[in-house]
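The values are calculated or read from the model by the stated rules, or taken from the named source; none is laboratory data. The structure displayed is predicted, hence computed values, not measured ones. Please note: Cβ atoms are built from the backbone with ideal geometry, for glycine as well, and neighbour counts cover all protein chains shown. What goes into the accessible areas is simple: the full protein's heavy atoms, side chains included, and nothing from ligands, DNA or RNA. Shrake-Rupley method; radii C 1.70, N 1.55, O 1.52, S 1.80 Å.
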Amino acid sequence: MSKPTLSEFSLVGKTCIVTRGSGGLGKEFLTAFALSGANTACVDLSVSDGESVLAEVRTEVATHFSKSGTTHSIPQLRAYACNVTQEDQVKETVRKVVEDFGGRVDALVTAAGVVENFNAEEYPLERFKTVMDVNVNGTFLFAREVGAHMIANQNPGSIIMISSMSAKIVNRPQNQAAYNASKAAVSHLMKSMATEWAPHKIRVNALCPGYQFTPLLKNLLEKEGDMTGDWKRDTPMGRLGDPKELRGSVVFMASDASAFMTGHDLVVDGGYTVW
């Protein structure tokens, strides 16, 4: 039998969008929303990438519902192709999601992002621009379109920008000027939109993870060398995060459980930023 849970955490009947849904964090957000009853749109560069991860999500949700005795059917999950840096594609994707899911969006998670290491004095301008374009402009475009939809339809909602503890500190020992700057921009963009949209009952917050052992991080370590010893030493909990540990945070932020929270950076970093 399913365990009793505070009803404010339920997302049953809600529609959510997750950008970069096939990524390590995106997959966990999709799964968390589905397990909480939300219909969810998975946005990625290709539909095939989205469908692949949604197949895994459906399997996990079905298994969980079966074992827990949950009688609720598996929520609707759909994949959409979109480059978050292209304004026309973002507009069309949001329009299509709204059309497909009954005319409303209740929550958005902007998880599309890139990271790379460069010494600042050697950073190629075009590479720097790419990081800012995906991390900042992509976040802005999706938040703007979803926010505009919510305002036009008098639809209260929650926008969750995936920032980073790097919005508050400078990563070490790796040099990541563009990434650090982009995440600081995301967090301040979040605060700006939160002040503008609060009168419309739209909450805007940022989830700021610490080091999470995602496929993106694994690929970076394979190219740059293992730095996890330094990171673990500087984290009071002595380890990297498991992306699954962000499921509860994102559901809290999307649900009525955080109804009075807006303009906030929710840092989940194992204590890294306390020093």
Residues (out of contact with any helix residue (DSSP H, G or I) (no Cβ under 8 Å at 6 or more places or on another chain) and part of a loop (DSSP other than H, G, I, E, B)) located in segment 87-107: 101, 102, 103
Qualifying positions in segment 38-70 - more than 25 Å from residue 163 (Cα to Cα) and not in a helix (DSSP H, G or I): 69, 70
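Of all residues in segment 199-234, count the ones that are assigned to a helix (DSSP H, G or I) and either of a type in the set (Phe, Trp, Tyr) or in contact with a strand residue (DSSP E or B) (Cβ under 8 Å, 6 or more places away or on another chain) (or both).
Final tally of qualifying residues: 1.
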Against the definition (farther than 30 Å from residue 174 by Cβ and touching a strand residue (DSSP E or B) at 6+ places or on another chain (Cβ under 9 Å)), how does residue 54 come out, yes or no? yes
Matching residues, segment 131-160, being out of contact with any helix residue (DSSP H, G or I) (no Cβ under 7 Å at 6 or more places or on another chain), part of a helix (DSSP H, G or I), touching a residue at least 40 places away in the same chain (Cβ under 8 Å) and open to solvent by 20 Å² or more (accessible area, probe 1.4 Å): 133, 134, 137
Is it the case that segment 98-110 has a residue that's within 21 Å of the chain's Cα centre (by Cα) and open to solvent by 40 Å² or more (accessible area, probe 1.4 Å)? yes
Go over the candidates 162, 169 one by one and state the one that is at pLDDT 95 or above, hydrophobic (A, V, I, L, M, F, W, C), more than 17 Å from the chain's Cα centre (by Cα) and under 23 Å from residue 116 (Cβ atoms). 169
Could you tell me how many of the residues in segment 3-12 are surrounded by fewer than 17 Cβ atoms within 10 Å (Cβ to Cβ), touching a residue at least 24 places away in the same chain (Cβ under 8 Å) and either in contact with a Pro (Cβ under 9 Å, 6 or more places away or on another chain) or more than 16 Å from residue 259 (Cβ to Cβ) (or both)? 2
Within the bounds of segment 109-130, is there any residue that is of a type in the set (Asp, Glu), within 20 Å of residue 46 (Cβ to Cβ) and part of a helix (DSSP H, G or I)? no
Any idea which of (1) under 30 Å from residue 144 (Cα atoms); (2) open to solvent by 20 Å² or more (accessible area, probe 1.4 Å); (3) among the charged types (D, E, K, R) is the one residue 224 doesn't satisfy? (1)
